[in-house]
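Engineer: Have a look at this one.
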Amino acid sequence: MKNTKIIVSNKAFRKYSGSLAVTLVDEQKNISSFLDKQIKRQIKKVLELGDFSGKKGESLLLYPSSSGIKGTVPAERLLLVGLGDSGESKRAALFENLRSSGGVIAQTAKKNKAADIMIALPDYLSSLSCNGAEQIVEGVLLGDYQFVKYKKNRKPDEEYSGIKKITVLSQKNLSGVRRAVKRAQYVSEAALSARDMANEPGNNWTPQDFVDFAKQIAGQSSLRCKILNRDQMKKVGMGGILAVSQGTAVPPKLVILEHVPQRYSKTILLVGKGLTFDSGGISIKPSAGMEDMKYDMCGGAAVLSTMQALAVEKPDVKVVAIVPSSENLSGSMAVKPGDVITHYNGITSEVVNTDAEGRLILADALAYGIKKYKPDCVVDLATLTGAVIISLGHHRTGLMSNDDRLAEKLSESGALCGEPLWRLPLGEEYSKQIESDVADIKNVGGREGGSITAAAYLEKFVGDTPWAHLDIAGTAWDFTKKTYIPKGPSGIGVRTLIDFIRKWKKTV
Ligand code: BES
Ligand code: MN
Ligand code: ZN
């Protein structure tokens, strides 16, 4: 993993002589007050000319040495980034603008191969803690990402190995800014770790790789790791995961990571779908685009990466993450349409479509986690249905929940993190669609309301525990175009979960 060094300093702008100095200007044309007079004069001139107006996404590169401000800015380049509306009443929008500016900074650094950058914080955002340092740095780190591991013959822009050092310039509250920046760093690293796992091809990210990752982070922290292999799953009766893994030679795993504080009163359970490749099984998928199904493990990647960040943050709530992981292939022992399986909690299910495998593995994991850990709430993340892309596009994650307060809290966190959720209903009518003639339930409920009937299946396994299901099939990759989310897997869910967990302990 790339380790970007971040320094917080109150030195003058003119002391920095690296390759890229950055300052943010908003639509209201505010300029950070602590900049040198000559730089401010130069920026005002550019604003007067109308070449730059502080709009979101806008940027302008100046070359101080050839524009008469040499001496006051020894940096090779001075980048003005438009922050857009800096209105502080709409916090979620402002946070998004700040992250978006961070993304523009990362893109410009990449284009100019700048490895050492300096950012002057927008001190006119006075009501915002640390003037948005956390969101800006998050945007830079999330935007400064590429996965070129398997590129032997690299194009020139793939040779750039990213930002090595960021100097954050602030005149006030240096210790607060340092804390904010540190938080941005481990949270972003967790999201990038989820992207890395997703980017790995199916032959290099198998259930065993989830096991290795979990063991590795447990080895370096106070997290506890537990693994259930196939024999143990057989012993406890996890008929769903066992059925899905029948068609592949790759053994399934159930990966558990626990964060257990010395003193705690609440427990949160996270469950993530870890299908390392989904061919559909006997109900095989069309071959066009099937390669994307290596991403069917993004829910699992999100919850384990969240634990990586919690190992640093150490919230005083117990958090348990469970990832049921398998491939879904169509080998000669594969589960067949019409087969009946028995889940961990004894519910029987008719497997009508072997491509609706996510709910089968999640059902066992949810029932097992709830029985074993008795959590106060459960959140699952899964690339569960193509139907959610039809309803919400690639712009929002589908949220289904049996608890209004939990749904509300997750929605708030999602909005603040730029990972918006949209709630869909649950209800008897939908549950009726998954009634089976031969077993307790069946694993498909028809095309109509496909995301909701998938959730209705999961609902059978959570009992009265407050539970929320996040269908990330539309947002785990191909997510809304954002400057800080390069093409490919987005790492969605990690930042929302961390924010949610941080606040949950305070409110319950
Ligand atoms: N992993 C897929 C869902 C998916 C599809 C995610 C497209 C991202 C993009 C899931 O296992 C699946 O195949 N779901 C089926 C369910 C159907 C058979 C009821 C689907 O959505 O078509
Ligand atoms: Mn499937
Ligand atoms: Zn799947």
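The values are calculated or read from the model by the stated rules, or taken from the named source; none is laboratory data. Keep in mind that what you see is a predicted model, and the values were worked out from it rather than measured. Heads up, the Cβs are rebuilt from the backbone with ideal geometry, glycines too, and the neighbour counts pull from every protein chain shown. Please note that ligands, DNA and RNA were not included when accessible areas were found on the heavy atoms of the full protein model with its side chains. Shrake-Rupley method; radii C 1.70, N 1.55, O 1.52, S 1.80 Å.
Engineer: If we count every other residue with Cβ under 10 angstrom of Ser245's Cβ, Lys/Arg +1 and Asp/Glu -1, where does the sum land? Spell out each step's value before the answer.
Structural biologist: Numbers: positive: Arg230, Lys253; negative: Glu327, Glu357.
Counting the neighbours of Ser245, the net charge comes to 0.
Engineer: Rounded to the nearest 10 degrees, what's the angle between the helix 37-49 long axis and the longest principal axis of the chain, both from Cα atoms, 0 to 90?
Structural biologist: The angle comes out near 70 degrees.
Engineer: Name the aspartates and glutamates eligible as straight-distance cross-link partners of Lys44: C-alpha to C-alpha under 14 Å, and not fewer than 8 places from it in the same chain.
Structural biologist: Reachable aspartates and glutamates: Asp26, Glu27, Asp36.
Engineer: Mean separation of Cα pairs under 8 Å and 6+ residues apart, divided by the residue count of the range 21-148: what relative contact order is that in percent?
Structural biologist: 30 percent.
Engineer: Moving to a separate point now. Can you sort Lys487, Lys149 by solvent-accessible area, 1.4 Å probe, largest first?
Structural biologist: Ranked from most to least accessible, the order is Lys487, Lys149.
Engineer: A 26 angstrom limit on the alpha carbon distance is what I want to check against. Which of Lys152/Lys487; Lys314/Lys372; Lys2/Lys372; Lys314/Lys409; Lys234/Lys273 exceed it? Walk me through the intermediate numbers first.
Structural biologist: Details: Lys152/Lys487 20 Å; Lys314/Lys372 22 Å; Lys2/Lys372 37 Å; Lys314/Lys409 20 Å; Lys234/Lys273 19 Å.
Flagged as over cut-off: Lys2/Lys372.
Engineer: Taking H as built 1.01 Å from N, whose amide H comes closer than 5 Å to the amide H of Thr276, not counting residues under 5 places away?
Structural biologist: Ser326, Glu327
Engineer: For the range 18-57, what is the largest minus smallest coordinate of the Cα atoms on each principal axis, given in angstrom and ordered from greatest to least?
Structural biologist: Cα spread of the range 18-57 along its principal axes, largest to smallest: 25, 20, 17 Å.
Engineer: Where does the Debye-calculated log10 I(q)/I(0) of the range 174-226 sit at q = 0.22, 0.25 Å⁻¹, using only Cα point scatterers of equal weight, no solvent?
Structural biologist: Relative scattering, expressed as log10 I(q)/I(0), comes to -0.91, -1.00.
Engineer: Another question, then. Which links in Lys110/Lys482; Lys165/Lys482; Lys318/Lys503; Lys432/Lys460; Lys5/Lys503 stretch past 18 Å when you go from one Cα to the other?
Structural biologist: Check vs 18 Å cut-off fails for Lys165/Lys482; Lys5/Lys503.
Engineer: To the nearest 20 debye, what charge dipole does the range 81-129 have about its Cα centre, counting +1 at the Cβ of each Lys and Arg and -1 at the Cβ of each Asp and Glu? Walk me through the numbers on the way to the answer.
Structural biologist: On the way: 6 positive and 5 negative charges, 55 e Å.
So the dipole magnitude of the range 81-129 works out to roughly 260 debye.
Engineer: To continue, here is another question. What does the convex hull of the Cα atoms of the range 92-162 come to per residue, in Å³, rounded to a whole number?
Structural biologist: Looking at the range 92-162, the number lands at 87 Å³ per residue.
Engineer: To the nearest 20 debye, what is the magnitude of the charge dipole of the chain about its Cα centre, counting +1 on the Cβ of each Lys and Arg and -1 on the Cβ of each Asp and Glu?
Structural biologist: Once rounded to the nearest 20, the dipole reads 2500 debye.
Engineer: Mind checking the dipole of the range 236-339: about its Cα centre, +1 per Lys or Arg Cβ, -1 per Asp or Glu Cβ, Debye to the nearest 20?
Structural biologist: The dipole of the range 236-339 has a size of about 300 debye.
Engineer: At a probe size of 1.4 Å, how large is the accessible area of Val255, to the nearest 10 Å²?
Structural biologist: Result for Val255: roughly 0 Å² accessible.
Engineer: Could you report the chain's accessible area per residue, 1.4 Å probe, as an integer in Å²?
Structural biologist: 41 Å²
Engineer: Shifting gears a bit: Hey, can you grab everything whose amide H is under 5 Å from the amide H of Ile7? Only 5+ residues off in sequence or another chain; H modelled, so Pro and N-termini drop out.
Structural biologist: Here Ile166, Thr167, Val168 satisfy the definition.
Engineer: Follow-up question, since we're still on this one. Whole-Hz Karplus ³J(HN,Hα) for the range 230-237, in order, using 6.51 cos²θ - 1.76 cosθ + 1.60 and θ = phi - 60°, x for Gly and Pro?
Structural biologist: Values, residue by residue: 4, 4, 5, 5, 5, 4, 8, x Hz.
Engineer: According to the Kirkwood expression over distinct Cα-Cα pairs, how big is the hydrodynamic radius of the range 324-417, in Å?
Structural biologist: 15.7 Å
Engineer: What part of the accessible area of the range 225-383, given as a whole %, is carbon or sulfur when the probe is 1.4 angstrom?
Structural biologist: Roughly 51 percent of what the probe reaches on the range 225-383 is carbon or sulfur.
Engineer: Which order do you get for Tyr430, Tyr63, Tyr368 if you rank them by accessible area with a 1.4 Å probe, largest at the top?
Structural biologist: Descending accessible area places them as Tyr63, Tyr430, Tyr368.
Engineer: Averaging over all projection directions, find the projected area of the Cα convex hull of the range 260-405 and quote it in nm² with one decimal place.
Structural biologist: Orientation-averaged projected area of the Cα hull: 10.5 nm².
Engineer: Hey, what does the equivalent ellipsoid look like for the chain, semi-axes from the Cα gyration tensor as sqrt of 5 times each eigenvalue, largest first, whole Å?
Structural biologist: 45, 22, 20
Engineer: Oh, and also: Setting aside same-chain residues fewer than 8 positions from Lys266, which aspartates and glutamates have a Cα under 14 Å from its Cα?
Structural biologist: Counting by Cα, and skipping residues close in sequence, Lys266 has these aspartates and glutamates nearby: Glu258, Asp316, Asp376.
Engineer: As a test question: what accessible area, to the nearest 10 Å², does Glu258 have when a 1.4 Å probe is rolled over all protein chains in place?
Structural biologist: Solvent-accessible area, nearest 10 Å²: 0 Å².
Engineer: Of Gln246, Ile282, Leu223, which is farthest along the charge dipole of the range 183-284 in the positive direction, counting Lys and Arg as +1 and Asp and Glu as -1 at C-beta?
Structural biologist: The listed residue farthest towards the positive side: Leu223.
Engineer: Which aspartates and glutamates does Lys151 reach when only Cα atoms under 20 Å apart count, and residues fewer than 8 places away in its own chain are ignored?
Structural biologist: Glu159, Asp196, Glu200, Glu291, Asp292
Engineer: Counting pairs of alpha carbon atoms under 8 Å apart in space and at least six apart in sequence, what relative contact order in percent does the chain give?
Structural biologist: In percent, rounded to a whole number, it is 15.
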